[in-house]
Amino acid sequence: MAGIRMVNVKKQYPNGFVAIENMNVDIADKEFVVLVGPSVCAKSTALKMIAGLEEITSGEMYIGDQMVNDMPPKDREIAMVFQSYALYPHMTIYDNIAFGLKMRKTPKDIIDQRVRDASEILGLGELLDRKPKQLSGGQRQRVALGRAIVRQPKVFLFDEPLSNLDAKLRVKMRTEIKALHHRLQTTVVYVTHDQVEAMTMGSTIVVLESGNIQQVGSPLELYNFPTNRFVAGFIGSPSMNFISCSIAESNGDLFVDAGAFQVKIPDDKAAKVREHGGSEYIFGIRPEDIRKRRAKKEDYAEAHLTAEVMMVEPLGKEMFVNFSAGDVPFLAIIGANFPLEMNDKVELTLNMDKMHLFEKDGEMKSVADTAKNAAATKPPLRTEENPESE
């Protein structure tokens, strides 16, 4: 197996468009790394450069200890799984899985052993005599995985492989791919635009925007300590609330002043704000860090405000509730055991230990993160598969 290293990699097309300006990524052997970002952020371009399907304009690309800038794809010992299954409709599943090995003149007994082994791993043993049209979407994706596994590559590359599957099957295939990585212990680079997919699958996530790396870290690092507003808004489901604000001071304390309300900034974060200077910011608070106020004091720095219910989206165990405090809209996740109706006035508690402040202009960097941001008592991501209540 092998790691991957990209050093000052640039990709510029003949028309002058720069897809990737200066990419530096170090992927360890056996690591599961996810490249995530919105459409047209060059994540698939980066993957294709690793595969050798796109030429590097400048910089250095290493697989293991070998620089592969000029090495053709067939010699890089990588296997790639695409969004489309790319199966041959006239061939059996056995022949589809074996096709690449046959093209390499691999001995028949080795081909048969590898196909049987891969089929056992993927649960395809009883389907080898069928044609692709007789299989479901999930089974076809397993065949595409099997075709990659039999090559025994140094690196697996996945280019949005689950995009064509329905939501329930995507969840199942995510689990299967993670289990496959654990079993094979090989390096995986996985591209997706779905941040839920990235958070649940990757040990390391690389967040890309317009061809530039915004942040690299574990899922929890990106969730708790986003380096800028882009990462904060992209990681987390539903997205973080962003509210334009100024900083007010009273009796030695600092407050987020959103016009319609003021909330006190905890002392440790206030010290960072003073150190940074300036008065205009973007206040960030995740929907899961807002709850209905209770008489009992919480175990975090509390701030309170009264807001009006604008819309309720029931999700079973919890609700997405759109609130408005004056002219300031925001979203909160409220337990379904608190019935709410349109136009209700509700007292809310904000977990200010988990608040964020971002520069209002320029790179919109985070300026107030402290260790308390990581003191989460709830999972980092709420999804339809793993909802958490109030």
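The values are calculated or read from the model by the stated rules, or taken from the named source; none is laboratory data. Predicted model, so just to flag it, every value in this text is computed and none were measured. Using ideal geometry, Cβ is built from the backbone for each residue, glycine included, and neighbour counts are taken over all protein chains shown.
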Practice task
Run K105 past the list (1) on the phi < 0 side of the Ramachandran plot; (2) in a loop (DSSP other than H, G, I, E, B) and report the number of the one that doesn't hold.
Solution key: (1)
Handout entry: Candidate set from the stretch 289-329 (those that are of a type in the set (A, V, I, L, M) and assigned to a loop (DSSP other than H, G, I, E, B)); member that is farthest from Y223 (Cα to Cα)
Key = A295
Practice task
Scan the stretch 153-165 and give yes if some residue there is touching a strand residue (DSSP E or B) at 6+ places or on another chain (Cβ under 8 Å), in a helix (DSSP H, G or I) and either within 23 Å of A51 (Cβ to Cβ) or not assigned by TED's automatic domain parsing to the domain that holds V33 (or both), otherwise no.
Solution key: no
Problem - the stretch 238-270, residues that are surrounded by 16 or more Cβ atoms within 10 Å (Cβ to Cβ) and part of a loop (DSSP other than H, G, I, E, B) - result: M240, A258, F261, I265, P266
Exercise for the section: Return yes or no: is A307 of a type outside the set (D, E, K, R), assigned by TED's automatic domain parsing to the domain that holds A258, touching a strand residue (DSSP E or B) at 6+ places or on another chain (Cβ under 6 Å) and touching a residue at least 60 places away in the same chain (Cβ under 8 Å)? Expected result: no
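So how many residues does the stretch 299-341 have that are under 19 Å from A260 (Cβ atoms) and among the aliphatic types (A, V, I, L, M)?
So in the stretch 299-341, the residues under 19 Å from A260 (Cβ atoms) come out as 302-311, 321-332.
Of the ones still in play, those that are also among the aliphatic types (A, V, I, L, M) are 303, 305, 307, 309-311, 321, 325, 328, 331-332.
Of the residues in the stretch 299-341, 11 are under 19 Å from A260 (Cβ atoms) and among the aliphatic types (A, V, I, L, M).
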Exercise for the section: Being part of a helix (DSSP H, G or I) and out of contact with any Lys or Arg (no Cβ under 9 Å at 6 or more places or on another chain) is the filter here, so list the residues in the stretch 348-373 that pass it. Expected result: A371
Handout entry: Pairs where the first residue, in the stretch 23-38, is in the same structural domain as M201 (by TED's automatic domain parsing) and the second is surrounded by fewer than 14 Cβ atoms within 10 Å (Cβ to Cβ) and assigned to a strand (DSSP E or B), C-beta under 9 Å, 6+ apart
Key = M23/N8; N24/N8
Fill in the blank from the handout: Within the stretch 13-36, the residues that are surrounded by 15 or more Cβ atoms within 10 Å (Cβ to Cβ) and part of a strand (DSSP E or B) are A19, I20, E21, N22, M23, V25, I27, F32, V33, V34, L35, V36
Practice task
Could you tell me whether the stretch 112-119 includes any residue that is among the aliphatic types (A, V, I, L, M) and either more than 24 Å from the chain's Cα centre (by Cα) or outside the structural domain of L157 (by TED's automatic domain parsing) (or both)?
Solution key: yes
Practice task
Could you check, for the stretch 199-215, whether at least one of its residues is charged (D, E, K, R) and surrounded by fewer than 17 Cβ atoms within 10 Å (Cβ to Cβ)?
Solution key: no
